Amino acid sequence: MSFSPEQISQGFLQDIPYSERIALLPHCLRGNQCKATKKEFGIIDCQKCRQKREDGLECPVPTMISIALNIGYGAVYIFTGASGIIPFLKKRGLPKAVLGIVCESEIKEGKEKLERLEVAFQMEPLLKDGCTET
């Protein structure tokens, strides 16, 4: 089930506890020298190294994971793309809701996959597209 921006802004998702939500982060937030390893379904295993990216910024992934877990999200995953979402969630078990931080090119595919699974979601676009250091 999908929610309109109006429903989300009115707190429609507030009835779903954070513990029953997951956050999906894009791999492109990482730096080019990232030492994280790729696992099944295109999931990245973050090493929480806080390495600086080539643009001089510290990798935001460990901080984003920490914030999401501290407010109670059930889990946070780093994906290499929307193609692995359905098999991963079917194996893991469906959450009640997903927060996806995604590039513009992945929003449509991610929405379609989550709608097919009838999982509530909110997609937040990145400020810039690209496959590295976004």
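The values are calculated or read from the model by the stated rules, or taken from the named source; none is laboratory data. Note that this is a predicted model, so its numbers are computed, not measured. Here the Cβ is made from the backbone with ideal geometry for all residues, glycine too, and neighbour counts use every protein chain on show. When the accessible area is computed, the model is the full protein with side chains, heavy atoms only, and any ligands, DNA or RNA have been set aside. Shrake-Rupley method; radii C 1.70, N 1.55, O 1.52, S 1.80 Å.
Exactly one residue out of GLU115, GLU106, GLU124 is assigned to a strand (DSSP E or B), in contact (Cβ under 8 Å) with a residue 12 or more places away in the chain and of a type outside the set (A, V, I, L, M, F, W, C): that is GLU124. So how many residues does the stretch 106-124 have that are under 26 Å from GLN51 (Cβ atoms) and surrounded by 14 or more Cβ atoms within 10 Å (Cβ to Cβ)? So the answer is 1. With respect to (1) touching a Leu at 6+ places or on another chain (Cβ under 7 Å); (2) assigned to a helix (DSSP H, G or I); (3) among the β-branched types (Val, Ile, Thr); (4) surrounded by 18 or more Cβ atoms within 10 Å (Cβ to Cβ), the lone exception for ILE86 is condition (4).
Does CYS34 qualify as being touching a helix residue (DSSP H, G or I) at 6+ places or on another chain (Cβ under 9 Å), of a type in the set (A, V, I, L, M, F, W, C) and without any contact (Cβ under 8 Å) to a residue 24 or more places away in the chain? No, not satisfied.
Quick grid of which residues meet (1) surrounded by 16 or more Cβ atoms within 10 Å (Cβ to Cβ); (2) at pLDDT 85 or above:
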| residue | (1), (2) |
| --- | --- |
| ASP15 | no, no |
| LEU25 | yes, yes |
| ASN32 | no, no |
| GLY42 | yes, no |
| LEU99 | yes, yes |
| CYS103 | yes, no |
| CYS131 | no, no |
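For the stretch 62-83, the candidate set comprises residues that are in a strand (DSSP E or B) and aromatic (Phe, Trp, Tyr); within that set, the residue that is most open to solvent (accessible area, probe 1.4 Å) is TYR77.
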